[in-house]
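Each remark here refers to the structure printed beneath this line.
The values are calculated or read from the model by the stated rules, or taken from the named source; none is laboratory data. In this text, all values refer to a predicted model and were calculated from it rather than measured experimentally. Because the Cβ atoms are built from the backbone with ideal geometry, glycine has one as well, and the counts that use them run over all protein chains shown. Just the protein is used for accessible areas: all its heavy atoms, side chains included, with ligands, DNA and RNA removed. Shrake-Rupley method; radii C 1.70, N 1.55, O 1.52, S 1.80 Å.
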Amino acid sequence: MPDPMHVLVAGGGVVGLETLLALRNLAGDRVRCTLLTPEREFVYRPMAVGEPFARGRARRHSLDEIARDLGADLVAGRLTGVDAEAREVRTGDCTIGFDALVIGVGASAEPALPRVLTWTPESDDEVYGGLLRDLEEGYTKRVAFVVPVGVAWPLPAYELALMTAWQTRSMGHDDVQITIYTHEDAPLAIFGVPASEALRDDLEQAGVQVRTQTFVTAGDGRLTVEPAGLPLDAERIVGLPRAVGPNLPGVPNDERGFVLCDLHGQVRGTTAVWAAGDAIAFPIKQGGLAAQQADAAAESIAARAGADVEPKPFKPVLRGMLLTGRGQAWMRGADDTGEGAVERHALFWPPTKIAGRYLSPYLAARDEAEALGHAPEPSGQPVDLDLERDSPAVADALRSRRAD
């Protein structure tokens, strides 16, 4: 048997772990993997939005333990450049060779508007906690949440607005005005009509107003709501950030620094470099979509390594879970079968914020194993994430299968 293909995976986030898990399942011993990352932990950031409200937390998992579980080498370092022709990457003063490279380094965030509180999953929840204390003490009565132009993943704004609204009611304040300003045609329009209508009901029950097709701009020391041309009327403003690409030397990037690649994740103009997730030039930055992009790249690499795999191109199916302040709403965007769905119970299993074909069941198994005090033994088998049958018996069967 020929020597295994050396796959270097840069980035210890969703893309990195989904790629390692997918290659383990698809290619087995045909590949050997190295994970290059400056982080020591994988942080499950989507639940960070609930931390100020005690409705969730960003769970942490040791990357050293995960790499050991998956039989991958772990190298501490940050990807700083790529030499695709020589098949080497730079990490500060060092170089690492590869047969195939997967770029999953993510993106950074920048404030889209000046002089506002910019929320990110990495931001200290105490910053947002200060806003909640002002509301509790009655210092603030008008709060605006802004989805700026250029932000294609607006869901956190709705979660923050809904949870803030219900929190202020629980404090005994029913005179707080909360408004969302968004460039969307309808709330969460990317998920389709059913989800948008359901969200409107949630917003109405919480007393949150939504101004769609509005564009908040900055100028002359103030924020203006267009097309009305009126000042943004709020005492406190919370804005979502814009993503900024890694702008890696040695690979083609767009004007915002995002890597250009095809639907299999192969980087334009290269033969051995793939990319996925927030680092690539795909407008929606979301963990579930990043996992789907990683799967497409892993299938392409597994086939290159000689595995019996027919690579499928990335074909996005948006799945998400919205924290409403009084529960969750599970949403699936439009696919070939219809225009999407929304339910108050999980539309996929395990019921996590990130619907990763391999990563979600793996993390669920780790959480269960850690609760029992022993290390997990990942099966490497994917779990059907699209439970359209909406039957609790299906979820029970999957739980039982994982426990066996």
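Numerical summary
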| read-out | value |
| --- | --- |
| Protein accessible area in region 201-320, 1.4 Å probe - carbon and sulfur % | 48 percent |
| DSSP-defined beta bridges in region 112-259 - what % are antiparallel, rounded to 5 | 35 percent |
| FRET efficiency, 1/(1 + (r/R0)^6) with R0 35 Å, evaluated for Asp254 and Arg222 via beta carbons | 0.65 |
| Extension gain (nm, one decimal) between Asp367 and Glu85, 0.36 nm per residue minus Cα-Cα | 97.4 nm |
| Förster radius 22 Å - calculated FRET efficiency between Arg344 and Ala152 (Cβ-Cβ, nearest 0.05) | 0.30 |
| Gyration tensor verdict on region 100-149 (Cα atoms; rounded if a/c is under 1.5, prolate if a/b is larger than b/c, oblate otherwise) | prolate |
| Region 1-109: GluC sites (Glu not before Pro) falling in loop per DSSP and having at most 15 other Cβ within 10 Å | Glu39, Glu85 |
| Proximal charge balance of Arg169 [Cβ under 12 Å; K/R count +1, D/E count -1] | -2 |
| Antiparallel bridges, percent of DSSP beta bridges restricted to region 1-114 (to nearest 5) | 45 percent |
| Residues of the chain: accessible area per residue with a 1.4 Å probe, Å² | 45 Å² |
| Debye, to nearest 20: dipole size of the chain, +1 on Lys, Arg Cβ, -1 on Asp, Glu Cβ | 180 debye |
| Pairs of Lys in the chain closer than 28 Å at Cα, counting only those 8 or more apart or on different chains | 5 |
| Backbone N under 15 Å from the His173 label point (7 Å along Cα→Cβ), restricted to region 208-246 | 208, 234-238 |
| Among Gly77, Gly130, Gly373: highest mean-square fluctuation, GNM of the chain, C-alpha pairs under 10 Å | Gly373 |
| Per-residue [θ]222 nm for the chain (sum of -39500 (n - 2.57) over DSSP H runs n ≥ 4, rounded to 500) | -8500 deg cm²/dmol |
| Directionally averaged projected area (convex hull, Cα atoms, region 1-153), nm² | 12.5 nm² |
| Antiparallel DSSP beta bridges within the chain, percent to nearest 5 | 50 percent |
| Equivalent ellipsoid, region 100-227 (semi-axes from 5 times Cα gyration tensor eigenvalues, Å) | 25, 19, 17 |
| Separation of alpha-carbon centers, region 279-348 and region 257-275, rounded to whole Å | 19 Å |
| Length-normalised contact order for region 268-310 - Cα pairs under 8 Å, 6+ apart - percent | 30 percent |
